[in-house]
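Novice: Handing you a structure now.
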Amino acid sequence: MDWSNVTAEDLVDALREVDWSSPPRPLSEFFSRFTFPRSYAKWSSRLKCNLYYYRTNYFILIIFILGLGFIRRPVSLLAAFLTALSIAFLNDSFAGTFSEKVTRTVRQFSPHLAAKMRPPLTPVIRGRPSAKRAIHICGRPRWVFVLLFSSVSFILWFVSAGLLTVLWALAIGLLATILHASVRTPNLKARLNTFREEFRAVWRNYSEL
């Protein structure tokens, strides 16, 4: 795959739709083979490839740095968790998995309540869905949970006065992520993983025809 032709919007859409439940890459692979790119085009291609391939590692790295900044601010830590959760709900795979696990847990105690948490059925016309299926969480539109968790986290940020702390920690985490993605040489496994993801996307689109 030629990552130089991939725009930032394409990368964001791919990160939103891709499955984030995959385990992080081993540390021996994450911290190996560092070289500086020879041109801006190679740097841009390498950055996009590594951000996609090591997405779980970078997410854990940012969360770890944020956690270090909130050791003495437990309320800010809760606010950061709710903020991260509201952002994670924007990912289709995470939202679906979260809703399924919560519904499965509720079903053990109240099957009647779990039945109300099922997403609405998408109308089908001539064997094909009439429109793109909207993402629901526990039977409610996704935006309801995003707005709810974002509002609560904003109130907690205001109460704890830890917004400046999170901005510094987030800046350090993003800087470390960009620095690693810029100098980490993409290996063969990263390229093979990219081809596999492309095949899954093409096959999914073919099966929906």
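Novice: Name the residue, out of Arg55, Arg46, that is within 19 Å of the chain's Cα centre (by Cα) and under 20 Å from Arg25 (Cα atoms).
Specialist: Only one candidate passes the filter, namely Arg55.
Novice: Going through Leu47, Leu51 one at a time, which residue ends up being farther than 30 Å from His136 by Cα, open to solvent by less than 80 Å² (accessible area, probe 1.4 Å) and assigned to a helix (DSSP H, G or I)?
Specialist: That would be Leu47, the only listed residue that is farther than 30 Å from His136 by Cα, open to solvent by less than 80 Å² (accessible area, probe 1.4 Å) and assigned to a helix (DSSP H, G or I).
Novice: Separate question: Consider the stretch 111-144. How many of its residues are loosely packed, with under 13 Cβ neighbours inside 10 Å and either touching a Lys or Arg at 6+ places or on another chain (Cβ under 7 Å) or at pLDDT 85 or above (or both)?
Specialist: The number of residues fulfilling the criteria is 1.
Novice: So which of Phe98, Phe64, Phe94 is modelled with pLDDT of 80 or more, in a helix (DSSP H, G or I), open to solvent by 100 Å² or more (accessible area, probe 1.4 Å) and under 28 Å from Ile155 (Cα atoms)?
Specialist: Phe64
Novice: Would you mention how many residues in the stretch 174-186 are part of a helix (DSSP H, G or I) and either in contact (Cβ under 8 Å) with a residue 24 or more places away in the chain or open to solvent by less than 50 Å² (accessible area, probe 1.4 Å) (or both)?
Specialist: Number satisfying all stated conditions: 8.
Novice: Within the set of pairs 6 or more residues apart or between chains, which connect a residue that is more than 21 Å from Leu90 (Cβ to Cβ) inside the stretch 145-173 to a residue that is open to solvent by 50 Å² or more (accessible area, probe 1.4 Å) and assigned to a helix (DSSP H, G or I) with Cβ atoms less than 6 Å apart?
Specialist: Ser160/Val75
Novice: Hey, another quick one. Those residues that are open to solvent by 30 Å² or more (accessible area, probe 1.4 Å) and within 15 Å of the chain's Cα centre (by Cα), I need them from the stretch 67-91; list them, please.
Specialist: Within the stretch 67-91, Phe81, Thr83, Ile87, Leu90 meet the criteria.
Novice: Right, here's the next one. Name the residue that is farthest from Pro186 (Cα to Cα), counting only residues in the stretch 55-99 that are touching a residue at least 24 places away in the same chain (Cβ under 8 Å) and of a type in the set (D, E, K, R).
Specialist: So, considering only residues that are touching a residue at least 24 places away in the same chain (Cβ under 8 Å) and of a type in the set (D, E, K, R), the one farthest from Pro186 (Cα to Cα) is Arg73.
The values are calculated or read from the model by the stated rules, or taken from the named source; none is laboratory data. What you see is a predicted model, and the numbers here were worked out from it, not measured in a lab. No Cβ is skipped: glycine too gets one built from the backbone with ideal geometry, and neighbour counts run over all protein chains shown. Please note that ligands, DNA and RNA were not included when accessible areas were found on the heavy atoms of the full protein model with its side chains. Shrake-Rupley method; radii C 1.70, N 1.55, O 1.52, S 1.80 Å.
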